[in-house]
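What follows is one structure encoded as structure tokens, with my remarks underneath.
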Amino acid sequence: MNPRTAKRLKTSALNAAGVVVFLFAVFPVYWMVATAFKPTDEIFTTRFIPFPLAPTMDHVSRVLTRGVAGHSVWQYLLNSAVVALGTVLVGAVFALLAATAVARFRFRFRTSFLILLLIVQMVPGEALLIPLFLMVKRLGLYNQLLGLIVVNVGFTLPFAIWMLRTFVAAVPRELEEAAAIDGAGRFITFWRVLFPLVAPGLVATSIFSFITAWNEFVFALTLISDQGTYTMPVALGFFTSQRSTDWGGIMAASTLMTIPVIAFFLLVQRRMVSGLVAGAVKG
């Protein structure tokens, strides 16, 4: 076998493997959306129906009009949006400042701090559930969305700091020194030089923080007792009872729940691309 044929076979195998991975990842999402528009008799059948034979909007309209557990589905989506966006905004500020300090300054226990970030990521959230509950209760944040934001920031911050540290460290110090020579202060240098160059990393960590906070279930169920303050993942549990499960309602509500995530990703994707060409060196 000549090298050109071997290269083609290798490329074809890699492409086939990529297609398989893509289908494996996309199929659950497709099945969720397809089930949301299937009639009840097509959902509860022994036959394999890959797509709705008689598409219907009954499940979607029922979720939108009747709501969940006596509350509008828009209320749950709004609660989830407040928690997710609050986690992104607060986490981004603290993560960027902490990553800049770790990457640019040398101080005692710097390495220990970085190792501690990794250790925190290894601790399962369920092991910290009771201490977090007691802490939130004592701070007066129980049954409040602010309490969920604080907890989610605490769990997404270590990964965000570790990831942003790489972006900050990759920015040449000469750019900041050149800005200082031109008379720029520390804040101007940070905002005009460093921030545009680490913006792609900030967007990547923001996507991670948003998805983590948006899909979080255990803390929202534990730290919130008022049904009107529940987030969307907790509200999905109301479609399941001891005797039956409303699969049509679950899939319809889950489909609605994915729309804000897709919209957020499309919004920040443009910022990610623009950040790659921002912060040009002065000639």
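For Leu117, state whether it is touching a helix residue (DSSP H, G or I) at 6+ places or on another chain (Cβ under 7 Å) and either under 17 Å from Gly147 (Cα atoms) or not basic (Lys, Arg) (or both).
Here the answer is yes, as Leu117 does meet what is asked.
Out of the residues in the stretch 76-115 that are open to solvent by 10 Å² or more (accessible area, probe 1.4 Å) and β-branched (Val, Ile, Thr), state the one that is farthest from Phe265 (Cα to Cα).
Once the filter is applied, the top-ranked residue is Thr111.
To keep it simple, each residue is scored yes or no on (1) modelled with pLDDT under 85; (2) of a type outside the set (Gly, Ala, Ser); (3) open to solvent by less than 80 Å² (accessible area, probe 1.4 Å); (4) more than 22 Å from Met32 (Cβ to Cβ).
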{"site": "Trp247", "(1), (2), (3), (4)": "no, yes, no, no"}
{"site": "Ile250", "(1), (2), (3), (4)": "no, yes, yes, no"}
{"site": "Leu256", "(1), (2), (3), (4)": "no, yes, yes, no"}
{"site": "Phe264", "(1), (2), (3), (4)": "yes, yes, yes, no"}
{"site": "Arg270", "(1), (2), (3), (4)": "yes, yes, no, yes"}
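Scan the stretch 180-238 for residues that are over 22 Å from Val168 (Cα atoms), open to solvent by 20 Å² or more (accessible area, probe 1.4 Å), in contact with a Leu (Cβ under 9 Å, 6 or more places away or on another chain) and not hydroxyl-bearing (Ser, Thr, Tyr) and jot them down. Please lay out each step first, then the result.
Within the stretch 180-238, the subset over 22 Å from Val168 (Cα atoms) is 211-238.
Then keep just the ones that are open to solvent by 20 Å² or more (accessible area, probe 1.4 Å); that gives 211-212, 215-218, 221-222, 225-227, 229-230, 236-238.
Then keep just the ones that are in contact with a Leu (Cβ under 9 Å, 6 or more places away or on another chain); that gives 216-218, 222, 229-230, 237.
Listed by number, the residues that qualify are Glu216, Phe217, Val218, Gly237.
Enumerate the pairs (first residue in the stretch 168-187 and assigned to a helix (DSSP H, G or I); second residue anywhere and among the small types (Gly, Ala, Ser) and open to solvent by less than 100 Å² (accessible area, probe 1.4 Å)) with beta-carbon separation below 6 Å, excluding pairs fewer than 6 apart on the same chain, so at least 6 apart or on different chains.
From the stretch 168-187, the pairs are Val168/Ala99; Val168/Ala103; Ala169/Ala103.
In the stretch 217-233, which residue that is of a type outside the set (Phe, Trp, Tyr) and outside any helix (DSSP H, G or I) is nearest to Val63 (Cα to Cα)?
Thr231
What is the number of the single condition among (1) closer than 25 Å to Ala220 by Cβ; (2) of a type in the set (A, V, I, L, M, F, W, C); (3) in contact with a Leu (Cβ under 7 Å, 6 or more places away or on another chain) that Val102 does not meet?
(1)
Give me a count of the residues in the stretch 25-54 that are surrounded by 10 or more Cβ atoms within 10 Å (Cβ to Cβ) and more than 15 Å from Trp247 (Cβ to Cβ).
6
The values are calculated or read from the model by the stated rules, or taken from the named source; none is laboratory data. Since the structure is predicted, the reported quantities are computational estimates derived from the model, not experimental observations. Backbone-built Cβ (ideal geometry, glycine too); neighbour counts: all protein chains shown. Ligands, DNA and RNA are stripped out before the accessible areas are found, and what is left, the full protein with its side chains, is counted by its heavy atoms. Shrake-Rupley method; radii C 1.70, N 1.55, O 1.52, S 1.80 Å.
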